[in-house]
Amino acid sequence: MRPDAADGRRVVLGVGNPERGDDAAGRFVARRLREAPLDGVEIIEKGGEATELLAALKGASAAFIVDACASGAEAGALRRFDVAAEPLPSKAFALSSHGLGLAETVELARALGQLPPTCVVYAIEGESFEAGAPLSPKVAAAITDVVEKLRAEIVAVAK
């Protein structure tokens, strides 16, 4: 049985295009989390279209979004943003293969009253976003770190 928002529905959204190198980082995090799922946590993979993400966020009390970014930092760098408290820096997510970028989608959810009270974005700095490219080694290594951090944070939110 899937919990609803009244029961504290929690979602992890792994965002990205699995055919574009490091853009798939969020989806790989979601797949790793599925290997040992946490009770009451819905793990969802999406390509990043705004309507898909809005639908996945609707009714959630806590959401954790993982996506690749291109801010100019070193490949594999990990950043965490509390987007319930403040907007996501749009520059880091300006290069989007998703139509509307993640920053715009988060702000649309906020404007529509659909942004969960707990909403965190984990951004993994990508290196290669070319069609058909594999994950770069630095991004692949960062995925393990994100999975560990996410698990700890999700457990803490549940308490």
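If you go through the range 132-143 and keep only what is surrounded by 12 or more Cβ atoms within 10 Å (Cβ to Cβ), in a helix (DSSP H, G or I) and not hydrophobic (A, V, I, L, M, F, W, C), you end up with just Lys138.
Look at the range 109-121: where a residue is within 8 Å of Leu57 (Cα to Cα) and among the charged types (D, E, K, R), no partner that is at pLDDT 95 or above and not in a strand (DSSP E or B) sits 6+ places away or on another chain with Cβ atoms under 9 Å.
Against the definition (β-branched (Val, Ile, Thr), modelled with pLDDT under 95 and farther than 14 Å from Gly16 by Cβ), how does Val120 come out, yes or no? When the stated conditions are applied, Val120 does not pass them.
Pairs are defined by a Cβ separation below 8 Å, a sequence spacing of at least 6 or placement on different chains, a first member in the range 25-49 that is under 18 Å from Ala156 (Cβ atoms), and a second member that is of a type in the set (Phe, Trp, Tyr) and buried (at least 18 other Cβ atoms within 10 Å of the Cβ); the pairs so defined are Val29/Tyr122.
Here Glu86 fulfils each of the conditions (1) in contact (Cβ under 8 Å) with a residue 12 or more places away in the chain; (2) over 15 Å from Val11 (Cα atoms) apart from (1).
Being under 15 Å from Arg151 (Cβ atoms) and not basic (Lys, Arg) is the filter here; which residues of the range 6-27 pass it? Break it down into steps so the answer makes sense when it comes.
Pass one, the range 6-27, residues under 15 Å from Arg151 (Cβ atoms): 10-12, 14.
Passing the criteria: Val11, Val12, Gly14.
Return the total of residues in the range 45-104 being at pLDDT below 90 and in a strand (DSSP E or B). Here the count works out to 0.
The values are calculated or read from the model by the stated rules, or taken from the named source; none is laboratory data. Note that this is a predicted model, so its numbers are computed, not measured. FYI the Cβ positions are ideal-geometry reconstructions off the backbone, even for glycines, and counts take in every protein chain you see.
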